[in-house]
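> Submitted below is the structure of interest, expressed as structure tokens.
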């Protein structure tokens, strides 16, 4: 098994527990130490391992930690495999190895450079064009492993990098989810330093957002859109994102003659759909870019290299590039899921009421109207119903959400 962790305070404690439990079961471990989710994903098949574990709570606050489980391909395990893991845990029949058959242990610090080399060697990454631009970039590394992995990539591309929150201590300088309301420091520094752009990642470096030279956010939904625009102009084909992602990816895909496909929310579902439709690029609207040519996982590092290739080739400022894409506005709200709400019954009623609209039931309920869309889905972690909507206007998007929430309340 390949193991890696982000920079969280509890990371070394949890890592020691995971590693020594595996070794006690007779499973050998390759420990990447402080790493990123996409780096561990790349390392699993390289090591011909049976699987991998990344110790991270992704974008959640510092008190949280968790395990991301990978199969032998370095991809997230499926829902079915997850059920098997839970059944195995419930049975409590773990067998430990005898002292002569304990798992071996070794560390490997080579995968930072291996990951960067794989990206640099991609034909889609225009290293010469990026180096010629000599981009000045401010990076918010949120006190985690982005501070270790992102600067070497940018420096290898000839960029000058200023790192904010670069001490890897897990004491996150702000809420680690890379959203506009958390990136005020990055906005200020980009403007003060007259940087070409800013970059923010989450603690395990699989989510990616960009900041324009004027300190305005490029938009997390548009990370994938811009990268897909660049990839599709080189290699036309199909794309995939989840049902809660912006329509702009569909528009860009259609422009190049490809077909856009929506998947259920969750990286494993996006990857499954990408394989089914032979997508050339895909991901999620939360700033997750998946390039199959490299590996089937969200990877902020390859997203950075592809975006900079796009920016270098188009010759525009990043704020000007953003204006070339459809300006959809998204509303994200939630409704408390009380015991009197029967979601199955409500979804059936809504499907009947809006039967003349485009309906998708693959993940909760998504209704596509001419003016925009609304996506309803129960949270897996909270007693709420997530209500996402999008339109050309934030007012219309919010009104669409309010309309559906009123429907739900009237159907209780």
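> From the set of residues in the range 357-375 that are within 21 Å of the chain's Cα centre (by Cα) and modelled with pLDDT under 95, which is surrounded by the most Cβ atoms within 10 Å (Cβ to Cβ)?
My answer is 364.
> Follow-up. Checking residue 336 against (1) within 30 Å of residue 237 (Cβ to Cβ); (2) modelled with pLDDT under 95; (3) over 22 Å from the mean Cα position of the chain (by Cα), only one condition comes out false. Which one?
Failed condition: (1).
> What number of residues within the range 10-26 are touching a helix residue (DSSP H, G or I) at 6+ places or on another chain (Cβ under 9 Å) and within 13 Å of residue 106 (Cα to Cα)?
Within the range 10-26, residues that are touching a helix residue (DSSP H, G or I) at 6+ places or on another chain (Cβ under 9 Å) and within 13 Å of residue 106 (Cα to Cα) number 0.
> Still on this structure: For the range 114-124, enumerate the residues that are surrounded by fewer than 20 Cβ atoms within 10 Å (Cβ to Cβ) and part of a loop (DSSP other than H, G, I, E, B).
Correct list: 121, 122, 123.
The rows are residues; the columns are (1) at pLDDT 95 or above; (2) touching a helix residue (DSSP H, G or I) at 6+ places or on another chain (Cβ under 7 Å); (3) part of a helix (DSSP H, G or I).
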| site | (1), (2), (3) |
| --- | --- |
| 80 | no, no, yes |
| 84 | no, no, yes |
| 88 | no, no, yes |
| 95 | no, no, no |
| 100 | yes, no, yes |
| 109 | yes, no, no |
| 112 | yes, yes, yes |
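> Let me ask another. Can you pull out the helices (runs of 4 or more DSSP H) entirely within the range 306-412 that have at least 3 residues that are touching a residue at least 12 places away in the same chain (Cβ under 8 Å) and within 30 Å of residue 131 (Cβ to Cβ)?
By residue number, 318-322.
> Can you tell me which residue in the range 380-403 is surrounded by the most Cβ atoms within 10 Å (Cβ to Cβ), limited to those that are in contact with a strand residue (DSSP E or B) (Cβ under 6 Å, 6 or more places away or on another chain) and closer than 13 Å to residue 343 by Cβ?
The extreme case among them is 385.
> Ok, one more. Please work out which residue is farthest from residue 57 (Cα to Cα), limiting yourself to the range 152-175 and to residues that are in contact with a helix residue (DSSP H, G or I) (Cβ under 6 Å, 6 or more places away or on another chain) and touching a residue at least 60 places away in the same chain (Cβ under 8 Å).
Result: 157.
> Say we look at the range 1-30 and pick out the residues that are buried (at least 18 other Cβ atoms within 10 Å of the Cβ) and more than 25 Å from residue 95 (Cα to Cα); which of these is nearest to the chain's Cα centre (by Cα)?
6
> Sticking with this structure for a sec: How many residues, within the range 232-242, are surrounded by fewer than 24 Cβ atoms within 10 Å (Cβ to Cβ) and more than 14 Å from the chain's Cα centre (by Cα)?
Counting residues in the range 232-242 that are surrounded by fewer than 24 Cβ atoms within 10 Å (Cβ to Cβ) and more than 14 Å from the chain's Cα centre (by Cα) gives 7.
> Mind telling me which of the residues 33, 52 ends up being surrounded by 15 or more Cβ atoms within 10 Å (Cβ to Cβ) and at positive phi?
33
> With the structure loaded, tell me whether residue 252 is over 13 Å from the mean Cα position of the chain (by Cα), in a helix (DSSP H, G or I), touching a residue at least 60 places away in the same chain (Cβ under 8 Å) and over 30 Å from residue 80 (Cα atoms) or whether it fails that test.
Yes, satisfied.
> Same structure, new question: If you check 140, 117, which single one turns out to be without any contact (Cβ under 8 Å) to a residue 24 or more places away in the chain, under 24 Å from the mean Cα position of the chain (by Cα) and closer than 23 Å to residue 54 by Cα?
Answer to the selection: 117.
The values are calculated or read from the model by the stated rules, or taken from the named source; none is laboratory data. Here the structure is a predicted model, which means the values were calculated and not measured. For neighbour counting, all protein chains shown are included, and Cβ atoms are generated from backbone atoms with ideal geometry for every residue, glycine included.
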